[in-house]
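Peer 1: Mind looking over this structure? Questions follow.
The values are calculated or read from the model by the stated rules, or taken from the named source; none is laboratory data. Please read these numbers as outputs of a predicted model, since none were measured by experiment. In this analysis, Cβ positions are derived from the backbone assuming ideal geometry, glycine residues included, and neighbour counts consider all displayed protein chains. Heavy atoms of the whole protein, side chains included, go into the accessibility calculation; ligands, DNA and RNA do not. Shrake-Rupley method; radii C 1.70, N 1.55, O 1.52, S 1.80 Å.
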Amino acid sequence: MTSSTFTVLPRKDWEKLAAAHEKRASRYANPYVERRNRGLKHPVEDFLFTYYTLKPAQLKRWHPGAGVVLLDAPEYASQKFYRTLSAPELEQLGLDTDRAHRLASHNSAVTVDIHAFLEKRGTAVDFTREILGNTAAKPGYFGCFGMHEWAMAYKSVENNIRHDYLDLRLGAEGTDAVVESHKIRCSHFDAFRFFMPQATPMNELQPTRETQRVLEQPACLHANMDVYKWAYKLLPLVSSELLMDAFELAWQVRELDMKAAPYDLVDWGYEPVKVETAEGKAEYVKIQRQFALRSVQIRNRLLQVVVDYPTSLNFQESYV
């Protein structure tokens, strides 16, 4: 351990970062918790908290990421995948002997325990490295026009699907007609698996969990929302700043996903992107390209976190 490989943060510095993160995350998490406590739902803004597994309180909890030492931080000593530093380690980082021994004796100098994380989550890191690298390296496919959401609502009358508090913007017959008049080419398994049965054979691709790592591509809205999933599965190895960048991308992608979906969301404040029209398709692709660029940048930042860490495929864990 050398000072050149670690960033050392005194409490006054890391407390400011933690407070700024909590404020940033609370903007999204607190309204969801308030709605949940009141038994209310939101068709767009709830998704990142109900579909993904990171809880609001976990999103708001700040992590500095690997390679950072927090001083006077005993509250982190007992958190998962953190370890305390010894006095000799602290002295190597440039702290004077008295302060190093005081911090060590109080278990109040902490850092992410990279070894423990890799020992427990090695397969997750390997899988994440593979899927992020494969996806970032691919060209984006910009000809899907969000038809995955329409395929999920296809033949809703036959399937006795009720859309609860959201009406179909074009009605059931109009929705079916849009699906039947478009090429369906969904590469994302976790979107494809929600297709209505009649729409499944219409998809040019038949993605599976096994082919997920090779089929995903950076124009796919659902793959770009999933960048957030890969980020939080690497906590606390990744920083909360990177996590929130992925979260906010996913938040904005979800908005486009639902604006382009067959549902009427005008009363919720969302004007439709009418992908059944040429103008709507052009608008969709314009925004989709912006998201694809941002998603690749965030994927590459995540890859920088994990690419140099040695991992072992002997550790078994469910990570999907």
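Peer 1: Which one is right for this structure if Rg and Dmax of the Cα atoms in Å is calculated from it: (i) 22.6, 76; (ii) 28.5, 112; (iii) 23.2, 73?
Peer 2: (i)
Peer 1: While we're on this one: Accessible area per residue of region 79-193 at 1.4 Å probe, in Å²?
Peer 2: About 46 Å² of surface per residue is accessible.
Peer 1: Using +1 at the C-beta of Lys and Arg and -1 at the C-beta of Asp and Glu, which of Q198, F81, A116 has the Cα lying farthest in the positive direction of the dipole of region 68-202?
Peer 2: Q198
Peer 1: Looking at the chain as a GNM with Cα springs under 10 Å, which of R27, R301, R121 has the largest mean-square fluctuation?
Peer 2: For the chain, modelled as a Gaussian network with Cα springs under 10 Å, the answer is R27.
Peer 1: Right, something else. Would you mind telling me which residue in R129, R294, R38 has the biggest mean-square fluctuation in a Gaussian network model of the chain, where springs connect alpha carbons within a distance under 10 angstrom?
Peer 2: R38
Peer 1: Go through region 24-38 residue by residue and turn each phi into a ³J(HN,Hα) via Karplus (6.51, -1.76, 1.60, θ = phi - 60°); whole Hz please, and just put x for glycine and proline.
Peer 2: 5, 6, 5, 3, 9, 6, 5, x, 5, 4, 5, 4, 4, 5, 9
Peer 1: Right, here's the next one. If you plug each phi of region 279-296 into the Karplus form 6.51 cos²θ - 1.76 cosθ + 1.60 with θ = phi - 60°, what whole-Hz ³J(HN,Hα) values come out, in order, with x for Gly and Pro?
Peer 2: Each residue's phi maps through the Karplus curve to give 5, x, 4, 5, 5, 4, 5, 4, 6, 4, 5, 5, 5, 4, 4, 5, 5, 5 Hz.
Peer 1: Multiply the residue separation of E22 and K55 by 0.36 nm, subtract the distance between their alpha-carbon atoms, and state the gained length in nm to one decimal.
Peer 2: 10.5 nm
Peer 1: Okay, moving on. What is the percent carbon and sulfur in the accessible area of region 206-282, measuring with a 1.4 Å probe over the protein chains and ignoring ligands?
Peer 2: Carbon and sulfur atoms account for 49 percent of the accessible area of region 206-282.
Peer 1: Given a cut-off of under 8 Å on Cα pairs at least six residues apart, what relative contact order in percent is computed for the chain?
Peer 2: Relative contact order for the chain comes out at 22 percent.
Peer 1: Please work out whether region 1-139 counts as rounded, prolate or oblate from its C-alpha gyration tensor, where a ≥ b ≥ c are the square roots of the eigenvalues and a/c under 1.5 means rounded, while otherwise a/b larger than b/c means prolate and anything else oblate?
Peer 2: Oblate, since a/c reaches 1.5 and b/c is not below a/b.
Peer 1: Find which of Y165, V253, G143 sits farthest along the positive direction of the dipole of the chain, computed with +1 on the beta-carbon of Lys and Arg, -1 on that of Asp and Glu, about the Cα centre.
Peer 2: V253
Peer 1: Could I ask something else about it? Please give the Cα centre distance for region 171-233 versus region 62-80, rounded to the nearest Å.
Peer 2: 39
Peer 1: I would also like to ask the following. Kindly report, to the nearest 10 Å², the accessible surface of D267 as traced by a 1.4 Å probe over protein heavy atoms only.
Peer 2: Counting only protein heavy atoms, the figure is 150 Å².
Peer 1: Let me ask something else about it. For the chain, what is the calculated [θ] at 222 nm in deg cm²/dmol (nearest 500), taking -39500 (n - 2.57) for each run of four or more DSSP H residues and dividing by its residue count?
Peer 2: Roughly -15500 deg cm²/dmol at 222 nm, from the helical runs in the chain.
Peer 1: While we're on this one: Any idea of V214's accessible area? Nearest 10 Å², probe 1.4 Å.
Peer 2: 80
Peer 1: Holding the Cα-Cα limit at 25 Å, pick out from K60/K80; K55/K155; K55/K183; K55/K80 the pairs that are longer than that.
Peer 2: Pairs exceeding 25 Å: K55/K155; K55/K183.
Peer 1: Could you give the size of the charge dipole of region 99-157 about its Cα centre, using +1 on the Cβ of each K and R and -1 on the Cβ of each D and E, expressed in debye and rounded to the nearest 20?
Peer 2: Its charge dipole is roughly 200 debye.
Peer 1: Around A151, under 15 Å between beta carbons, what's the net of Lys plus Arg minus Asp minus Glu among the other residues?
Peer 2: Result for the neighbourhood of A151: -4.
Peer 1: Same structure, new question: Mean-square fluctuation check for the chain, GNM, Cα pairs under 10 Å: which of V125, V157, V110 is largest?
Peer 2: Largest GNM mean-square fluctuation: V157.
Peer 1: To the nearest 10 Å², what's E22's accessible area with a 1.4 Å probe?
Peer 2: Approximately 90 Å² of E22 is accessible to the 1.4 Å probe.
Peer 1: From the backbone phi of region 86-91, what are the Karplus-calculated ³J(HN,Hα) couplings (6.51 cos²θ - 1.76 cosθ + 1.60, θ = phi - 60°) in whole Hz, Gly and Pro given as x?
Peer 2: Calculated HN-Hα couplings, in order: 7, 4, x, 5, 5, 5 Hz.
Peer 1: Using modelled backbone amide H atoms (1.01 Å from N, in-plane), which distant-in-sequence or interchain residues come within less than 5 Å of V68's amide H?
Peer 2: Result for V68 returns T7, V112.
Peer 1: Considering the Cα positions of region 181-308, please state its Rg to one decimal place and its Dmax as a whole number of Å.
Peer 2: When restricted to Cα atoms, region 181-308 yields Rg and Dmax of 15.8, 49 Å.
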